[in-house]
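Working notes for the structure below.
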Amino acid sequence: MATYDFIVSGVDPEMALQSVASSDADAWREAVLFLSEILRERPVREGGAFLLEIIVRNEGREVCRVCASSG
């Protein structure tokens, strides 16, 4: 198990969270699930542009980046 940093931008305020995962692939899946949860809870304005991004890092190394945007 390793500790991963999740940096979330596009939400107010920007967030930095940590989570434990058994592999980079599991951390990537966690980021995708977290992004989908944010999208479900985010009020959607018709025609409103947005960009949400989660950067996952392990010991300073970027593991992945997941994004959702509209606009």
Please specify each residue of the range 19-57 satisfying the condition of being among the aliphatic types (A, V, I, L, M) and part of a loop (DSSP other than H, G, I, E, B). V44, A49
Out of all the residues in the range 5-18, is one or more modelled with pLDDT of 95 or more, surrounded by fewer than 12 Cβ atoms within 10 Å (Cβ to Cβ) and not in a strand (DSSP E or B)? no
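Quick one: in the range 20-36, which of the residues that are open to solvent by 100 Å² or more (accessible area, probe 1.4 Å) and of a type outside the set (F, W, Y) is farthest from the chain's Cα centre (by Cα)?
Pass one, the range 20-36, residues open to solvent by 100 Å² or more (accessible area, probe 1.4 Å): 28-29, 33.
Narrowing the set further to residues that are of a type outside the set (F, W, Y) leaves 29, 33.
Details: R29: 10, L33: 8 Å.
Residue satisfying both the conditions and the ranking: R29.
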Of all residues being under 10 Å from the mean Cα position of the chain (by Cα) and at pLDDT 95 or above in the range 37-66, which is surrounded by the fewest Cβ atoms within 10 Å (Cβ to Cβ)? Just the residue, please. R65
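The values are calculated or read from the model by the stated rules, or taken from the named source; none is laboratory data. Every value quoted in this text rests on a predicted model; they were computed, and no experiment measured them. Virtual Cβ from ideal backbone geometry, glycine too; neighbours counted across all protein chains shown. Accessible surface areas use protein heavy atoms only, side chains included; no ligands, DNA or RNA. Shrake-Rupley method; radii C 1.70, N 1.55, O 1.52, S 1.80 Å.
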